[in-house]
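Colleague: Below is the structure I would like to discuss, written out as structure tokens.
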Amino acid sequence: MAKITFGTSGWRAILAEDFTFANVKTAVAAIAQHLRQTGEASKGVVVAGDYRFLSEEFMKATAQVLAGHGITSYMCPVGTPTPAVSYELIRRGAAGSINFTASHNPPQYQGLKFNGSDGGPAPVQVTLSLESLAESIASKAGAIPELPYAQAEEKGLIIPIDPKEEYFKRIRQIVQLDVLRKARMKIVVDVMHGNGGGYLDTLLQEAGVQLKVLHNHRDPLFGGHRPEPGPEELKEAVQLVRTWPAHMGLANDGDADRFGIIDADGSYITPNEVLAILFDHLLNTRDWKGCAVRTVPTTHLMDAIAKAHDVPLKETPVGFKYIAEIMAKEAIIIGGEESGGLTVHGHVPEKDGILACLLMAEVVALAGKTLNAVLKGLYQRYGGFYTDRLNLKLKDGLQEVMTTKLKDTPPAEIAGQKVVEISRKDGTQFILASGEWLMVRFSGTEPLMRCYMEARSPEGLERLRTAGKELTNV
């Protein structure tokens, strides 16, 4: 059996290779043992899944293993969004959630994500414990205790639930839906065959928005590409925004924890730009107190906004679990990462792509202008910040070669600028004399090497792109 390893957002693997029923049962048994060790087993576990292949079957197998350990499963309908699962486990006071999703990964992947009782992704110390327990269980090669599904239901160890309405109540408390009602907006929604269907579109319709909805049916192949709400995957939505025409386009990934935003002219608003726009918007429209949190490769425009408003800003490694750890200790205004994850004050310590989309609609409704016009206003007030990311597939041995290169012979100069600081908080980040930066990091969920960069002008960004390609050409 391949080792079960929890990355930045759970254990993900290719179906029928490493992601098998035997391995899933081993992972679930490890979680059950962990909950017994922590004394939380009696609180039960929320079980959910996205629309990938075999999600229902993996959910049922999970419930049977949990029942075999005397733990109750609260079974969500398949297709329940990750943020709704997180909110439900907090509201219900459950011990945690087991969610079958590989998020934005390609269709051949499945994933198992475990969140703890605080609603956030399991922290490193917990995932290390789960990996150790799983390895111990597998090494013994014994039968894993489980109870037949019907028998578990009869014993009250499997309880069907639907978190939708309680989640909707929470979203209505955060988003100013009345602002959308007054704006009489037209919005294209692409749910990408994922869990956002029946959630994002329903809430927008409730707010009186005219909608055109794309890909709102189950397809485990996600139309033949990964369910990632990026510019390449949203071309159909971009075209519809332009031709309808609409005020904007909104999209979610497979489990609806990430967002994709399109402006009225069809241009893609990057997650970095979205985070900055919403941070500034929330500071001007809410009386929330707290800090802002971003991951290492996320835009420093967040820092400039925080400084101007005298708001503390905290930087974390990549992975929403690190943002969740800060939320467990103190209040935040916004927390986010450049890969399209966001949460806000008083909400779940988990990515919520549905909430992000609704808040961006609120921005457009309130401002009465395009998102690019809003962004231009931010640059006028805080200066220009331009970001990009290169994704490079990992070939055999590349990670080791690149790791050695960055450690032993790091560049003293990048794009004609002196490297004034090297941060290894997560990956390797080179801070340049102008404050611009370039960073190399290996993905924790996919076989990719990523090169992130941020410049203060479009011309500077092009120079960093060239330098990034040269640096990673090994």
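The values are calculated or read from the model by the stated rules, or taken from the named source; none is laboratory data. Fair warning: this is a prediction, and the values are worked out from it, not measured in the lab. FYI the Cβ positions are ideal-geometry reconstructions off the backbone, even for glycines, and counts take in every protein chain you see.
Colleague: Inside the range 7-33, can you point out the residues that are crowded, with 17+ Cβ neighbours inside 10 Å and in contact with a Gly (Cβ under 9 Å, 6 or more places away or on another chain)?
Modeller: Within the range 7-33, T8, S9, G10, W11, R12, A13, F19, A29, I31, A32 meet the criteria.
Colleague: Report, ordered by the first and then the second residue, all pairs with beta carbons closer than 6 Å, sequence separation of six or more or different chains, a first member in the range 146-159 that is closer than 17 Å to A32 by Cβ, and a second member that is part of a loop (DSSP other than H, G, I, E, B).
Modeller: L157/T72
Colleague: Could you list all residues from the range 393-440 that are of a type in the set (S, T, N, Q) and either part of a strand (DSSP E or B) or within 13 Å of C451 (Cβ to Cβ) (or both)?
Modeller: Answer for the range 393-440, where residues must be of a type in the set (S, T, N, Q) and either part of a strand (DSSP E or B) or within 13 Å of C451 (Cβ to Cβ) (or both): Q417, S423, T428, Q429.
Colleague: Would you point out the residue of the range 393-431, among those that are closer than 25 Å to T298 by Cβ and of a type in the set (K, R), that is surrounded by the most Cβ atoms within 10 Å (Cβ to Cβ)?
Modeller: K405
Colleague: Give me the residue from the range 444-474 that is of a type in the set (D, E) and in a helix (DSSP H, G or I) and, out of that set, modelled with the lowest pLDDT.
Modeller: Of everything passing the filter in the range 444-474, E470 is modelled with the lowest pLDDT.
Colleague: Considering only the range 210-321, give the helices (runs of 4 or more DSSP H) lying wholly within it that have at least 3 residues that are closer than 29 Å to F114 by Cα.
Modeller: The helices (runs of 4 or more DSSP H) meeting that bar are 271-285.
Colleague: R170: assigned to a loop (DSSP other than H, G, I, E, B) and either within 16 Å of M360 (Cα to Cα) or in contact (Cβ under 8 Å) with a residue 60 or more places away in the chain (or both), yes or no?
Modeller: Against the criterion (assigned to a loop (DSSP other than H, G, I, E, B) and either within 16 Å of M360 (Cα to Cα) or in contact (Cβ under 8 Å) with a residue 60 or more places away in the chain (or both)), R170 does not qualify.
Colleague: Condition first: assigned to a helix (DSSP H, G or I), closer than 16 Å to A367 by Cα and without any contact (Cβ under 8 Å) to a residue 40 or more places away in the chain. Now tell me which residues in the range 178-209 satisfy that.
Modeller: Passing the criteria: D178, R181.
Colleague: Criterion first (aliphatic (A, V, I, L, M), assigned by TED's automatic domain parsing to the domain that holds D303 and either surrounded by 13 or more Cβ atoms within 10 Å (Cβ to Cβ) or not in a helix (DSSP H, G or I) (or both)) does L390 satisfy it?
Modeller: So L390 does not fit the description; no.
Colleague: Among what's in the range 322-370 and is β-branched (V, I, T) and part of a helix (DSSP H, G or I), pick the residue that is surrounded by the fewest Cβ atoms within 10 Å (Cβ to Cβ).
Modeller: The residue in question is I326.
Colleague: Can I ask one more? State all residues of the range 439-459 that are free of Cβ contacts under 8 Å to residues at least 40 places away in the same chain and over 22 Å from the mean Cα position of the chain (by Cα); if no residue qualifies, say none.
Modeller: E459
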